[in-house]
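Novice: Next up is a structure, given as structure tokens.
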Amino acid sequence: MIDVSTPSVARMYDYLIGGTDNYACDRAACAQLLEMAPSTRELALINRAFLVRAVRYLAQEKGVRRFLDHGSGLPTRPNVHQVARDVDPASRVVYIDNDPLVIAHGRVMLEEDLAKTAVIEADFRDTGEIFDTPEVQRLIADGEPVAALFVSVLHCIPDDGERPWQLVRDVARRLPSGSYMVISQLASDDPTLRDEVTDFMANITGNRWGRVRTTAEVTRYFDDLELVGHDTIDEVSRWRPDTDLGPRQATQEWVEYGAVARVP
């Protein structure tokens, strides 16, 4: 059953990027969030554009044909499989999410494309279970390089020791050498903003939230990986921009911080 009284991170994001699969509670939560961090809508659009550029880059320039999208969110155009297939129609994609609305919409979107795509209902922290699913075994576990996407989702994971960093390492360890990681996360070096937004999101989502992290903490995700496409980990609008006319934040009280990296 879909809870229409409690805001969903996926539906809030959908609203911020101009989607229609959201409810009054999601829109009200976004209005409050925009009061705390006015650049949030631009930030969401920037992040989505980064995802599209990263997938296109890996497909066109690195020859990747396998994509594993953690916390994929509600479908929007273009989706990962559409971007990848503009380069090669044989590209395969597995989407992972635990939001019932995401799963329902994703399966409708892909119902005529089950040979090369799948939507898995799972907590993306359950790495072992995900890699053992028939969908992953069928579509991407064939020894070919894989791009594992963690785009604007790791802030949903509480620290719980080294949990978010260990998750990234666990996934990288399971991928063939020469695979790639695409990572972005909400980050701020303003402690007041970090605390306010973290507390707000935890409260409205019933503690289904992690925290906004510092840029230095996000940088740690890339330990033992090799950056590609851009020399530094950065605010993601600076990662191989298509144009100077793309979405930009008027203020940067927080940013999507990340990069694309190769698994040695």
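The values are calculated or read from the model by the stated rules, or taken from the named source; none is laboratory data. What you see is a predicted model, and the numbers here were worked out from it, not measured in a lab. Every residue, glycine as well, gets a Cβ built from its backbone with ideal geometry; the counts of neighbours run over all protein chains shown.
Novice: Do we have Glu135 as under 17 Å from Gly71 (Cβ atoms) and not in a strand (DSSP E or B) here?
Specialist: yes
Novice: Among (1) in contact with a helix residue (DSSP H, G or I) (Cβ under 8 Å, 6 or more places away or on another chain); (2) hydrophobic (A, V, I, L, M, F, W, C); (3) modelled with pLDDT under 95; (4) closer than 24 Å to Val55 by Cβ, where does Ala250 come up short?
Specialist: (4)
Novice: Right, next: Restricting attention to the stretch 176-190, and to residues there that are within 17 Å of Ala59 (Cα to Cα) and hydrophobic (A, V, I, L, M, F, W, C), which single residue is surrounded by the most Cβ atoms within 10 Å (Cβ to Cβ)?
Specialist: Once the filter is applied, the top-ranked residue is Val182.
Novice: I've got another one for you. State whether the residues of the stretch 55-66 include one that is surrounded by fewer than 23 Cβ atoms within 10 Å (Cβ to Cβ), in contact with a Pro (Cβ under 8 Å, 6 or more places away or on another chain), within 26 Å of Trp254 (Cβ to Cβ) and small (Gly, Ala, Ser).
Specialist: Among the residues of the stretch 55-66, not one is surrounded by fewer than 23 Cβ atoms within 10 Å (Cβ to Cβ), in contact with a Pro (Cβ under 8 Å, 6 or more places away or on another chain), within 26 Å of Trp254 (Cβ to Cβ) and small (Gly, Ala, Ser), which makes the answer no.
Novice: Something else: Exactly one condition in (1) buried (at least 20 other Cβ atoms within 10 Å of the Cβ); (2) farther than 22 Å from Phe50 by Cβ; (3) modelled with pLDDT of 90 or more is not met by Ile204; state its number.
Specialist: (3)
Novice: Any residue at all in the stretch 86-96 that's within 28 Å of Ser5 (Cβ to Cβ), buried (at least 18 other Cβ atoms within 10 Å of the Cβ), of a type outside the set (Ser, Thr, Tyr) and in contact (Cβ under 8 Å) with a residue 40 or more places away in the chain?
Specialist: The answer is no, given that none of the residues of the stretch 86-96 is within 28 Å of Ser5 (Cβ to Cβ), buried (at least 18 other Cβ atoms within 10 Å of the Cβ), of a type outside the set (Ser, Thr, Tyr) and in contact (Cβ under 8 Å) with a residue 40 or more places away in the chain.
Novice: Restricting to the stretch 1-36, give me the number of residues that are surrounded by fewer than 22 Cβ atoms within 10 Å (Cβ to Cβ) and of a type in the set (Asp, Glu).
Specialist: 3
Novice: OK, next. Run Glu121 past the list (1) acidic (Asp, Glu); (2) under 28 Å from Ile233 (Cα atoms); (3) touching a residue at least 24 places away in the same chain (Cβ under 8 Å) and report the number of the one that doesn't hold.
Specialist: Result: Glu121 fails condition (2) only.
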